[in-house]
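Enquirer: Below you will find the structure I want to go over with you.
The values are calculated or read from the model by the stated rules, or taken from the named source; none is laboratory data. Bear in mind the structure is a predicted one, so any value in this text is a computation, not a measurement. As a convention, Cβ positions derive from the backbone with ideal geometry for all residues, glycine included, and neighbour counts pool all protein chains shown.
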Amino acid sequence: MLGHMASYDAQATRRRLLDAAYAEFAQYGLAGARVERIAEAAGSNKAQIYHYFGSKTQLFDAVFQQAIGEMEAEVPFDPYDLPGYAGRLARLHERRPEIIRICTWQRLERSNGEPNPLGVALARSQVEVIAEAQQAGKLADRFAPGFLLGLVLHIATGWAVVSPEYAAAIDVQDLDDRARLIEDAVRVLVCGSGHS
């Protein structure tokens, strides 16, 4: 019984550290994050961070993997409905901006390092199912599968990462309207025509 409680406490501590790190890294990135703040927010100490995660960089990797897992769980990839997928992804990033912030910090601060294996695996699986859909004649093959995925992702996430100046100047403020326009843009990309 004591071993079970210790295991539960360890899992709870690890979870608190991961949650605190998620908020810290989303706000400050890898370079700006402070392990002292993470430990304090988790009601723990720096030694526990190193015990459970090894280093600040490995903790960031765990947070990035969590963000990818959440994105995949909340917006399942559907190669047969890329417009709908893009709209759902855009809505997710509006609702949960910390996910796109973590992904942006990964791109900015880890671009010279090894790519995250979970992120690579996810992208490869998406490229593979796009290729299968194209080979089956269910999806236009005008663009190579990987390039098409990149275009869809950039259209879907573009609004979430625009500058404050551009955001202030645009004339589409309603989130649902933006998501519908994103769906239309991807529909034009994959089918050659939109709804409007």
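Enquirer: Of the residues that sit in the stretch 72-104 and are among the hydroxyl-bearing types (Ser, Thr, Tyr) and farther than 21 Å from ALA26 by Cβ, which one is modelled with the lowest pLDDT?
Expert: Applying the filter and picking the extreme gives TYR80.
Enquirer: May I ask you to say which residue of ALA73, ALA67, ALA90, ALA62 is assigned by TED's automatic domain parsing to the domain that holds ALA185, over 23 Å from LEU175 (Cβ atoms) and small (Gly, Ala, Ser)? Give the derivation first.
Expert: Working: ALA73 fails: over 23 Å from LEU175 (Cβ atoms); ALA67 fails: over 23 Å from LEU175 (Cβ atoms); ALA90 fails: over 23 Å from LEU175 (Cβ atoms).
Only one candidate qualifies: ALA62.
Enquirer: A follow-up question, please. Residue under question is GLU24, and the condition is that it be free of Cβ contacts under 8 Å to residues at least 12 places away in the same chain and assigned to a helix (DSSP H, G or I); does it hold? Walk me through how you get there before you give the answer.
Expert: Values: free of Cβ contacts under 8 Å to residues at least 12 places away in the same chain: no; assigned to a helix (DSSP H, G or I): yes.
Against the criterion (free of Cβ contacts under 8 Å to residues at least 12 places away in the same chain and assigned to a helix (DSSP H, G or I)), GLU24 does not qualify.
Enquirer: Another one. Got a number for residues in the stretch 37-71 being surrounded by 14 or more Cβ atoms within 10 Å (Cβ to Cβ) and small (Gly, Ala, Ser)?
Expert: Within the stretch 37-71, residues that are surrounded by 14 or more Cβ atoms within 10 Å (Cβ to Cβ) and small (Gly, Ala, Ser) number 6.
Enquirer: Applying the selection to the stretch 104-125, what residues are over 24 Å from GLY137 (Cβ atoms) and free of Cβ contacts under 8 Å to residues at least 40 places away in the same chain?
Expert: If the condition is that a residue be over 24 Å from GLY137 (Cβ atoms) and free of Cβ contacts under 8 Å to residues at least 40 places away in the same chain, then ARG107, SER111, ASN112, GLY113, GLU114, PRO115, PRO117, VAL120, ALA121 are the ones that fit.
Enquirer: Which members of the stretch 110-130 meet the condition of being under 18 Å from PRO76 (Cβ atoms) and of a type outside the set (S, T, N, Q)?
Expert: Residues satisfying the conditions are LEU118, GLY119, ALA121, LEU122, ALA123, ARG124, VAL127, GLU128, VAL129, ILE130.
Rundown of residues vs (1) loosely packed, with under 13 Cβ neighbours inside 10 Å; (2) modelled with pLDDT of 95 or more; (3) not assigned by TED's automatic domain parsing to the domain that holds GLU94, yes/no style:
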position	(1), (2), (3)
ILE130	no, yes, no
GLN135	yes, yes, no
LYS138	yes, no, no
ASP141	no, no, no
GLY150	no, yes, no
GLY158	no, no, no
ASP176	yes, no, no
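Enquirer: Also: Let me spell it out: the conditions are (1) at pLDDT below 95; (2) exposed (fewer than 13 other Cβ atoms within 10 Å of the Cβ), and ARG34 meets all of them except one. Which number is the exception?
Expert: (1)
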